1. Skipping prolines and chain starts, which residues have an amide H placed within reach, meaning under 5 Å, of the one on THR51, given they are 5 or more residues away or on another chain?
2. Can you list the residues, at least 5 places off or on another chain, whose amide H is less than 5 Å from the amide H of ALA82, using H built in the peptide plane?
3. Among GLU21, GLU262, which comes first, second and so on when ranked by fewest other beta-carbon atoms within 10 Å?
4. If you take the charge dipole of the chain about its Cα centre, with +1 on Lys and Arg Cβ and -1 on Asp and Glu Cβ, which of SER138, THR264, ILE228 is farthest toward its positive end?
5. Any chance you could check the Cα centroid distance between segment 160-211 and segment 72-145 for me, in angstrom?
6. Expected output is a single nm value to one decimal: the length gained when fully extending between ASP113 and ALA232, i.e. 0.36 nm times separation in residues minus the C-alpha distance. What is it?
7. Run the dipole for the chain about the Cα centre, Lys and Arg Cβ at +1, Asp and Glu Cβ at -1, nothing else charged, and hand back the magnitude in debye, nearest 20.
8. Semi-axes of the equivalent ellipsoid of the chain: what are they in whole Å, largest first, if each equals the square root of 5 times a C-alpha gyration tensor eigenvalue?
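No value in this document is a laboratory result; all are computed from the given coordinates. Since the structure is predicted, the reported quantities are computational estimates derived from the model, not experimental observations. Here the Cβ positions follow ideal geometry from the backbone for every residue, glycine too, while neighbour counts run over all protein chains shown.
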Amino acid sequence: MTQSPEQTTDKSQQFLDNHEELAPGQGFRFACHPGVPCFGACCSALNLMLTPYDALRLRRALGQSTNMGTSMSSRQFVREYADMTTMPGIGLPLLQLHMQDTSAKRCPFSRADFKCAVYENRPSACRTYPLGRATRPSEDDPARIEEQIFVIREPHCRGFEQEAQWNTASWMDDQGLAAYNASNDRFMALAASLRAQAESTGQRLGGQQTGMAGLALYQPDDFQRFLISARALERLDMDDERRAAVMSDEEACLDFGFDWLELTLLGKTDRIQPKA
Ligand code: SF4
Ligand code: SF4
């Protein structure tokens, strides 16, 4: 399994550049199931970065599995399952899944039978493998995201010996990646804009800005409380329906979090504007 989300750092891009790029429509053979001889071999010692949407979905899975009736709190999730780091050069927060503190360093969600305990809500990198996806804003139209798809053929992975045939579109569809890619593309577009800003000004995010970004991206439950206490939504030109969605639905809140950071860190007002 690839060891990080497809495109979170320059290092990931370099990793992908060393693999075979898949042309649109080009096929590949692959299957992963308990019948493959290597099943579960790849769910340990991973450098597995979690995008904000990955963390949201994992917290939801963990809340459901422990009968909390709601998502696990973001603070508990970070405490128990993740390490907070920042993207080099820009200071944008990035979570890394914490492998078990044993010599095998297994993923905390790898069960004794090697099945995934959070399969329906597994992270983007686990879904995307054996593909790797690199994205960048288009040079012609920065609002448009361009993608490159690579096949990551790791020598220990016997999934390539299986018969099942895929292409990029059928694999992404089968793995339920549409919602993940849509949110991750916003995350990477934000990172790309912050990198461009840092290169032109020579300044990365300050501590307070990094803290706000962590709140908006990885702690939607706490971000909702912040928005109430700061009466932040009242100062924005938004319709009531979206305001209600942001306060009641974590996915809508994360989507708003990207808008909020674009406004407060980059001065972009294409998606939300302060009231006149
Ligand atoms: S087939 Fe590949 S992805 Fe599946 S368990 Fe084996 S190594 Fe991991
Ligand atoms: S989240 Fe699931 S699929 Fe991903 S590494 Fe952990 S056990 Fe494996």
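1. Here SER124 satisfy the definition.
2. HN-HN under 5 Å from ALA82: HIS98.
3. Details: GLU21 13, GLU262 20.
The order, fewest Cβ neighbours first, is GLU21, GLU262.
4. ILE228
5. Answer, in whole Å: 11.
6. Working: separation 119, 0.36 × 119 = 42.84 nm, distance 4.73 nm.
Once the chain is fully extended between ASP113 and ALA232, it gains 38.1 nm.
7. Working: 29 positive and 37 negative charges, 179 e Å.
Computed charge dipole of the chain: roughly 860 debye.
8. On the way: eigenvalues 207, 102, 60 Å².
The equivalent ellipsoid of the chain has semi-axes of 32, 23, 17 Å.
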